[in-house]
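The values are calculated or read from the model by the stated rules, or taken from the named source; none is laboratory data. As the structure is a prediction and not an experimental result, all values here were calculated from the model. Quick reminder, even Gly has a Cβ in these numbers, built from the backbone with ideal geometry, and neighbours come from all protein chains shown. Ligands, DNA and RNA are excluded from the accessible area calculation, which covers all protein heavy atoms including side chains. Shrake-Rupley method; radii C 1.70, N 1.55, O 1.52, S 1.80 Å.
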Amino acid sequence: MKTILKSIAVGLSALTFCAGALADAGGTPQEAVALVKKAVAYVKANGKDKAFAEFNNPKGQFVDRSLYIFVYDLKGTSLAIGNGNSAKMVGKNLSDLRDAEGNYLIKGLINVANTKGSGWFDYKWPNPVSKAVEAKSSYVEKLDDIMIGCGVYKAQ
């Protein structure tokens, strides 16, 4: 009987640990694409002003764990950043922003939007959870004169 109870206790502990790990996990590439598509539809249905206000809300419907929507015009000016930590960047031209390896980040995203209409761009970026520079990829879609995107950290 004690062995069975120990096994149940260990199993419950493992489930609790796994559930906590999953709750803290970042999103998947598929979830990032889905969030961008939801954001594009939201802009089309509600207009830019209302959409950008919602995207800038760190507790809004466009923030899910480490996933959040960002919006730039095609010259590199930040129009919305949903992670809350970067709100002071909204309204600034960030076209010269570089990743941890010196590659142009915003220019790279704009290039994908302008040449393909939508797609992924890879770069190296500090992970706020691990505090390490990690591989990250952002999916962007061009909508008129803006690009809407969402990034995910890649599995190490």
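Could you work out Rg/(2.2 N^0.38 Å) for the stretch 91-156, with Rg from alpha carbons only? Kindly include the intermediate steps, with their values, before the conclusion.
Numbers: Rg = 12.1 Å, N = 66, 2.2 N^0.38 = 10.8 Å.
After normalising by residue count via 2.2 N^0.38 Å, the value is 1.12.
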>> Probe radius 1.4 Å, ligands and nucleic acids ignored: give me the carbon and sulfur share of the accessible area of the stretch 65-113 as a rounded percent.
In response: 49 percent
> Under a point spin-label approximation (7 Å from Cα along Cα-to-Cβ), what is the ASN111-ASP145 distance to one decimal in nm?
Replying inline: 2.5 nm
> the stretch 63-156: which GluC sites (Glu not before Pro) are DSSP loop and have at most 10 other beta-carbon atoms within 10 angstrom?
Replying inline: GLU101
> Straight-line reach from LYS142: which aspartates and glutamates have a Cα under 20 Å away, not including same-chain ones fewer than 8 places off?
Replying inline: GLU31, ASP49, GLU54, ASP73, ASP96, ASP122
